[in-house]
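A.B. asks: Just passing along the structure, written as structure tokens.
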Amino acid sequence: QKAGYQTALIGKWHLESLPTGFTYWEIVPGQGDYYNPDFITQTNDTIQKHGYITNLITDDALDWMENKRDKEKPFCLLIHHKAIHRNWMADTCNLALYEDKEFALPDNFFDDYNGREAAAAQEMSIVKDMDMIYDLKMLRPDKESRLKSLYESFIGRMDEGQRAAWDAFYGPVIDDFYQKNPQGKDLANWKFQRYMRDYMKTVKSLDDNVGRVLDYLEENGLLDNTLVVYTSDQGFYMGEHGWFDKRFMYEESMRTPLIMRLPKEFDRKGDITEMVQNIDYAPTFLELAGVKVPDDIQGVSLLPLLKGEKPADWRRSLYYHFYEYPAEHMVKRHYGVRTDRYKLIHFYNDIDAWELYDLEKDPAEMHNVINDSAYGEVLADMQAELKKLQILYNDTDFVK
């Protein structure tokens with residue numbers, strides 16, 4: 001704002017406070033609801049909008065760009081979608097998609113977690129922990145589940161037409177499931193297929209709405225001078241290790257989507273292989289806008305990489321720390337370091353377990369080599385790198 005930019009934030013906020021420092025904002029309470037969601041406005045009123053949340057957030061973003069901003073000034077717009085957050089409720093127009101698609105089970109879907117004590121203690125297994133009604137939509141009056149009432153509150157937001165479309169699709173699926181009553185590995189595969197299909201059709205709406213934003217920018221002559229960033233707060237398990245959700249430092253959740261469409265003065269295309277982190281986004285945006293990056297920001301601007309440069313002093317490792325335990329899915333507290341080839345993790349708090357992975361030989365992280373003497377030198381180097389990053393990021397209070 002101080003540099004002359006108009007700033008706007010629309011959609012998910014998920015913080016205790018209301019947004020500050022934005023020219024315009026409109027947010028959903030908490031995670032928001034897929035159907036007919038509530039929005040908190042700048043006047044502190046909570047209003048309900050009719051429709052599907054991914055469309056509504058995009059509608060508001062396009063309306064702000066077209067009708068509410070000063071078109072003589074530059075802008076920074078954050079479009080924060082709820083999708084594709086659990087429990088993956090697709091728009092009615094997409095309900096029938098992918099039902100003929102058979103998704104391949106990951107090779108380690110039936111992981112036994114040998115040598116990985118913390119992984120064995122989690123509660124995010126598709127087979128054991130995915131709720132039949134809340135996650136998989138198998139609602140029937142005579143069936144119960146831990147999260148049934150929450151699911152009923154979600155579908156209770158639908159209007160008559162939305163609910164009719166929902167029931168018309170899921171009704172036959174529910175009848176077929178309870179009639180066939182799959183067991184064992186058949187049930188495990190059924191849960192995986194239902195999860196993947198619901199997830200993918202929810203993604204479809206997100207993809208379509210990203211396209212709406214890109215189309216607007218192109219049609220209004222804004223695409224060539226706008227940096228467009230598509231990212232997320234983390235990666236996600238799609239059956240790897242038998243899991244859904246996130247939190248672990250393993251590759252599927254540590255690797256975060258990041259795609260940028262660059263303004264015309266940048267000619268960089270293709271993959272950038274250097275290690276970047278979400279803490280790098282803010283300094284990147286600030287430098288691009290001509291704003292001095294504050295000294296207390298820990299990340300670094302990605303502009304040299306976007307220009308095709310190869311800085312000699314670019315980071316060689318990434319730091320990770322998860323400390324929300326005990327909580328949802330019961331993932332143990334842990335911290336660690338990842339280089340281009342190796343990963344070292346320490347689980348702590350009510351557990352004391354170390355894990356070391358050779359990502360070149362074991363990309364699925366199935367074999368913990370912490371006690372393999374052949375990796376003694378690697379382990380020493382990784383421990384030194386870990387300590388260096390903990391000091392760099394001032395994250396040493398919990399280390400004995």
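None of the figures in this text is laboratory data; all of them are computed from the coordinates on show. Computed from a predicted structure; not experimentally measured. Virtual Cβ from ideal backbone geometry, glycine too; neighbours counted across all protein chains shown.
A.B. asks: For region 225-269, state which GluC sites (Glu not before Pro) are in a DSSP loop and have at most 11 other beta carbons lying within 10 Å of their beta carbon.
C.D. replies: In loop regions of region 225-269 (DSSP not H, G, I, E or B), the sparsely surrounded GluC sites (Glu not before Pro) are Glu265.
A.B. asks: Give me the dipole magnitude in Debye, nearest 20, for the chain about the Cα centre, with unit charges on the beta carbon: positive for Lys and Arg, negative for Asp and Glu.
C.D. replies: Magnitude of the dipole: close to 300 debye.
A.B. asks: May I pose another question? Relative contact order (percent) for region 267-322, with alpha-carbon contacts under 8 angstrom and 6 or more residues of separation?
C.D. replies: 40 percent
A.B. asks: In percent, what relative contact order does the chain have, based on Cα pairs under 8 Å that are 6 or more apart in sequence?
C.D. replies: Relative contact order comes out at 13 percent.
A.B. asks: Could I get the Rg over Rh figure for region 318-392? Both from C-alpha atoms, Rh via Kirkwood, rounded to two places.
C.D. replies: 0.97
A.B. asks: For a test of the definition: using alpha carbon positions, the gyration tensor, and the 1.5 limit on a/c, classify the chain as rounded, prolate or oblate.
C.D. replies: Cα axes put the chain in the oblate bin.
A.B. asks: Still on this structure, please answer the following. What shape does region 1-159 have by the C-alpha gyration tensor, where a ≥ b ≥ c are the square roots of the eigenvalues, rounded means a/c under 1.5, and otherwise prolate means a/b greater than b/c and oblate the rest?
C.D. replies: prolate
A.B. asks: In region 318-392, if the dipole is taken from +1 on Lys/Arg beta carbons and -1 on Asp/Glu beta carbons about the Cα centre, which of Leu344, Ser373, Leu359 is farthest to the positive end?
C.D. replies: Going by the charge dipole, the pick is Leu344.
A.B. asks: With the Cα gyration tensor of region 270-372 giving a ≥ b ≥ c as the square roots of its eigenvalues, does the rule (a/c under 1.5 for rounded; else a/b larger than b/c for prolate; else oblate) give rounded, prolate or oblate?
C.D. replies: Since a/c reaches 1.5 but b/c is at least a/b, the shape of region 270-372 is classed as oblate.
A.B. asks: If packing is taken as the average number of other Cβ atoms within 10 Å across a peptide's residues, how do 54-60, 189-195, 154-160 rank, most packed first?
C.D. replies: With the highest mean Cβ count within 10 Å placed first, the list reads 54-60, 189-195, 154-160.
A.B. asks: If you don't mind, another one. Principal axes first, then extents: for the Cα atoms of region 189-342, list largest minus smallest coordinate on each axis, whole Å, largest first.
C.D. replies: If we take the Cα atoms of region 189-342, the spans are 48, 39, 26 Å.
A.B. asks: Excluding residues on the same chain fewer than 8 positions from Lys387, give the aspartates and glutamates whose Cα lies under 15 Å from its Cα.
C.D. replies: Here the aspartates and glutamates satisfying the reach criterion relative to Lys387 are Asp395, Asp397.
A.B. asks: To make sure I understand the rule: partners must be lysines, Cα under 18 Å from the Cα of Lys307, and not fewer than 8 residues away in the same chain. Which ones qualify?
C.D. replies: Straight-distance partners of Lys307: Lys264, Lys269.
A.B. asks: List the pairs from Lys128/Lys204; Lys204/Lys310; Lys2/Lys388; Lys12/Lys185 whose alpha-carbon separation is above 30 Å, in the order I gave them.
C.D. replies: Distance filter (> 30 Å) returns Lys204/Lys310; Lys2/Lys388; Lys12/Lys185.
A.B. asks: Still on this model: May I ask what percent, to the nearest 5, of DSSP beta bridges between residues of region 1-119 are antiparallel?
C.D. replies: 30 percent
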